[in-house]
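Below is one structure, written out as structure tokens, with a few remarks after it.
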Amino acid sequence: MPMYQEWQPGKNTRVAIWKVEEPESFFEAQTGLQTDKKSAVRRLEHLAGRFLLQYLLPEMSLDHIEVSHLGKPYFPGNGPCFSISHSFPFVGVAVAPQAVGIDVQTLQEKIVRIQYKFLSPEEQALCNNHAARITLAWAAKEAAFKRYGLGAVDFIRHMPIRDMQVEGKGAVMKMEFLREEPSVQIDLHGGIEADFAWSVTV
């Protein structure tokens, strides 16, 4: 079972990341689900995400999941909140009593060339042209975007990262979310692994 790792980055937040090495049939058997995604990779990501959610919340039925008009899956009513992210072959899930966002991004050197599209000059200085840190910053913005689920957001103007502290494989970040009035201060945890970076709102 390729559970990559589990974390508890906040008091009530749980995170798990899975490396997908199993065939589609494994996840179908474990979840009782099938998916109509056209791409084989997308089918694996979808099923693995549901499988990992079931692992973290065994008391919840996957059949109860609904999808918002923005495409965000959720449990209706007072069910626990969750967020799913996939960047093949890695799938991440975060669960919490309140709204939560997670993002996982595989590491690619080409992100250095396009960092200006989502990082301000100040944020680029924080990352110091380091591909893994840039990927971590991208994951942090995606996690916050999923957490608030407000639709269109300018990643540079509305989501400035004010601080990034990386120690070993772990990281903590502070972001100001300016899409709302008044602005919201967001704390994020994350990390840089050998093949991917991840971040979750706490």
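The values are calculated or read from the model by the stated rules, or taken from the named source; none is laboratory data. Please read these numbers as outputs of a predicted model, since none were measured by experiment. Positions of Cβ are generated from backbone atoms using ideal geometry, with glycine treated the same way; all protein chains shown enter the neighbour counts. Side chains are part of the model used for accessible areas, which takes the heavy atoms of the whole protein and leaves out ligands, DNA and RNA. Shrake-Rupley method; radii C 1.70, N 1.55, O 1.52, S 1.80 Å.
Of the residues examined, residue 146 is not one that is touching a Lys or Arg at 6+ places or on another chain (Cβ under 8 Å), at pLDDT 95 or above, within 20 Å of residue 12 (Cβ to Cβ) and not β-branched (Val, Ile, Thr). For the range 41-92, filtered to residues that are loosely packed, with under 15 Cβ neighbours inside 10 Å and among the acidic types (Asp, Glu), the residue that is nearest to residue 106 (Cα to Cα) is 66.
Of the residues examined, residue 152 is one that is free of Cβ contacts under 8 Å to residues at least 24 places away in the same chain and either open to solvent by 50 Å² or more (accessible area, probe 1.4 Å) or assigned to a helix (DSSP H, G or I) (or both). Residues that are open to solvent by 10 Å² or more (accessible area, probe 1.4 Å) and at pLDDT 95 or above within the range 96-107 comprise 105, 106, 107, listed in sequence order. Residues that are within 20 Å of residue 118 (Cβ to Cβ), modelled with pLDDT under 95 and of a type outside the set (D, E, K, R) within the range 161-184 comprise 177, 178, 183, 184, listed in sequence order.
Considering only residues in the range 117-131 that are small (Gly, Ala, Ser) and farther than 28 Å from residue 16 by Cβ, the one that is most open to solvent (accessible area, probe 1.4 Å) turns out to be 125. The residues on offer are 21, 59, 109, 45, and the sole one that is within 23 Å of residue 141 (Cα to Cα), out of contact with any Lys or Arg (no Cβ under 9 Å at 6 or more places or on another chain) and of a type in the set (Asp, Glu) is 109. Screening residue 70 with (1) in a loop (DSSP other than H, G, I, E, B); (2) over 27 Å from residue 138 (Cα atoms); (3) in contact (Cβ under 8 Å) with a residue 12 or more places away in the chain gives one miss only, at (2). The condition of being polar (S, T, N, Q), open to solvent by less than 50 Å² (accessible area, probe 1.4 Å) and either modelled with pLDDT of 95 or more or more than 17 Å from the chain's Cα centre (by Cα) (or both) does not hold for residue 25.
Is the range 11-22 home to any residue that is free of Cβ contacts under 8 Å to residues at least 60 places away in the same chain and hydrophobic (A, V, I, L, M, F, W, C)?
There is no residue in the range 11-22 that is free of Cβ contacts under 8 Å to residues at least 60 places away in the same chain and hydrophobic (A, V, I, L, M, F, W, C).
A single entry from 134, 114 fulfils the requirement of being in a helix (DSSP H, G or I), among the aliphatic types (A, V, I, L, M), on the phi < 0 side of the Ramachandran plot and open to solvent by less than 10 Å² (accessible area, probe 1.4 Å): 134.
If you filter the range 185-202 down to residues that are open to solvent by 40 Å² or more (accessible area, probe 1.4 Å) and in a loop (DSSP other than H, G, I, E, B), you find that the one that is modelled with the lowest pLDDT is 202. Scanning the range 11-28 for residues that are among the small types (Gly, Ala, Ser) and farther than 15 Å from residue 83 by Cα gives a single hit, 25. Taking the listed residues 68, 87, the one that is at pLDDT below 95 and under 26 Å from residue 186 (Cα atoms) is 68, with no other qualifying.
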